[in-house]
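One structure is given below, encoded as structure tokens.
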Amino acid sequence: MMRLIPVARLAAALAVSSALALPAAGAADFTTTAGYADACAEVARGGVPKDDDARIAAVICRDTALVSQVVTWATEGAKRMEKERIPKEAIMIEVRKEIDYVIAELGATRKLLAQIKLGKRKSLRLAPARWERDIDGDGTVKLWEKYLFALPKRGQQGFRLTAPSNEQAYYDSQYNLDAVIRVDQSDILWSLAYHHFIEGMLTNLRAFELTDKFDGLILARPDLLKTAHRLIGNGFAVSGKMRQEVLAETDDDEEWIGNPKQAASVFPVPLDAADFATWGMMIKEMSALWQGRTLLPATQGGRGMLALVAPFCPEGSGLNVARLYLHPPAAGTVYAFRHTKLPTDSCQRIDKAHPLSPIPQMAEQASKTDAGMGFLRYLYWTN
């Protein structure tokens, strides 16, 4: 009997290990077109997700449906508005409605992501190149729609934005059509950071309205700037946590974003130890700037990337981003597209406690080198 105890313990350990390694029984299958369609049909029925795997499925389906909604609205809606010669005022009403819808959806999926606590467990397997959708709703799945969610091949190629292609050879040469990801907690944090950032940027946008002559912006809802500041600030915090989570991983199995010791990563940008150090430094500096611990160089007569858009702060002072967002000007403040000056209340004296941020100088240096576009691609993928 005593000899059976170690065997029983081993069996129990194996059972626990299996539970940690595999998704729940009956979990959604995102590795095939049919599995993706079935999973999203289940999500569309509106049930409340009962576990983390179901929450992940709900986020994937709702986010990809949101992409379909936006693309359809942008393409078909633009054609309709041009054909019907809709007045600018009516167009702006429709634009605001669409942005508000996107913000609400991102907020809902962000809250689902925040509930997911996988720990060391691996969750669903994903094959994004097989998530075929009729994106624009015309009844057919064109090649660019078939591969809309496919991942670019891993490598150091530059960042570029191009029109969708309908050539199979293009996708064969530029995309990893066999990429598979097994979701872990760092992947959840990666997605959560992106949700914070995009929702925050759109909320920032909705704080303003266009002037009647479309020659400037009106600060219509100052409180939304405070909300945007919180969302984007949380995005930096989540991105930093995600970086630490990735570095701590010791497995190497169908990874999305991998650390320098993980070879089985399909992340489009290979990241070595120096990249992780740069990433950590960028998060640290952006967080300091965002919280007002460092200042943007924005003095009168200044040069560089900020010169055209910078507020003209007094000599020896810089722009305090946190003060600008958390103590915004009054509703109704107008910003012309030309010769805009932000209120000097957002300026702060440069001193030891509030030095200038190195971020603008780093960005300017990167823009002047061949590596500039590669750096932009790196920032895009690492959010």
Practice item. Express the Stokes-Einstein translational diffusion coefficient of the stretch 27-271 in µm² s⁻¹, to the nearest whole number, given a Kirkwood radius over alpha-carbon pairs, 10 °C and a viscosity of 1.306 mPa s. Key: 80
Practice item. Starting at the first residue of the stretch 128-139, write each ³J(HN,Hα) from the Karplus equation 6.51 cos²θ - 1.76 cosθ + 1.60 with θ = phi - 60°, in whole Hz, x for Gly and Pro. Key: x, 5, 9, 8, 7, 9, 7, 4, 8, x, 8, x
**Study point:** Least to most buried among K284, K122 (fewest other Cβ within 10 Å first)
**Key:** K284, K122
Study note, to complete from the structure: Extension length gain for L379 and E89 (0.36 nm per residue less Cα distance), in nm, is 100.8 nm
Practice item. Would you mind checking which residues have amide H under 5 Å from K153's amide H? H placed 1.01 Å from N; only 5 or more apart, or other chain. Key: Y175, N176
Exercise for review: Would you please classify the overall shape of the stretch 138-277 from the alpha carbon gyration tensor, given that a ≥ b ≥ c denote the square roots of the eigenvalues, rounded means a/c under 1.5, and beyond that prolate means a/b larger than b/c while oblate covers the rest?
Suggested key: oblate
Practice item. Using the number of other C-beta atoms within 10 angstrom as an exposure proxy, rank I60, I93 with the fewest first. Key: I93, I60
Exercise for review: Quick one: which residues, 5+ away or cross-chain, put their amide H under 5 Å from the amide H of I350? H built at 1.01 Å from N.
Suggested key: S317, G318
Revision key, fill the gap. Where a ≥ b ≥ c are root eigenvalues of the Cα gyration tensor, a/c under 1.5 meaning rounded, otherwise prolate if a/b exceeds b/c and oblate otherwise, the stretch 23-67 counts as oblate
Check your understanding: Hey, what do the phi angles of the stretch 314-319 turn into as Karplus ³J(HN,Hα) couplings, whole Hz, using 6.51/-1.76/1.60 and θ = phi - 60°, x for Gly and Pro?
Key -> x, 4, x, 10, x, 7
Exercise for review: Convert each backbone phi in the stretch 103-118 into a coupling constant with the Karplus relation 6.51 cos²θ - 1.76 cosθ + 1.60 (shift: θ = phi - 60°), then list the ³J(HN,Hα) values in order as whole Hz, x for Gly and Pro.
Suggested key: 4, 5, 5, 4, x, 5, 6, 4, 5, 5, 4, 5, 7, 7, 10, 6
Point to revise | For the stretch 27-271: relative contact order, % (alpha-carbon pairs under 8 angstrom, 6 or more apart) | key: 19
Practice item. Could you sort 107-118, 168-179 so that the peptide with the highest average Cβ count within 10 Å comes first and the rest follow in order? Key: 107-118, 168-179
**Study point:** Ordering of 39-48, 186-195, 96-105 by burial proxy (mean other Cβ atoms within 10 Å per residue, highest first)
**Key:** 186-195, 96-105, 39-48
Revision key, fill the gap. The answer for G292, listing residues at least 5 apart or on another chain whose modeled amide H is closer than 5 Å to its amide H, is V321, A322
Check your understanding: Along the positive direction of the dipole of the stretch 27-271 (beta-carbon charges: Lys, Arg +1; Asp, Glu -1; about the Cα centre), which of Y171, F30, Q244 reaches farthest?
Key -> Q244
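Laboratory data are not the source of any read-out in this text; all were calculated from the coordinates shown. Just so it is clear, the structure is predicted and the values come from calculations on it, not from any experiment. Glycine also receives a Cβ, built like all others from the backbone with ideal geometry; neighbour counts cover every protein chain displayed.
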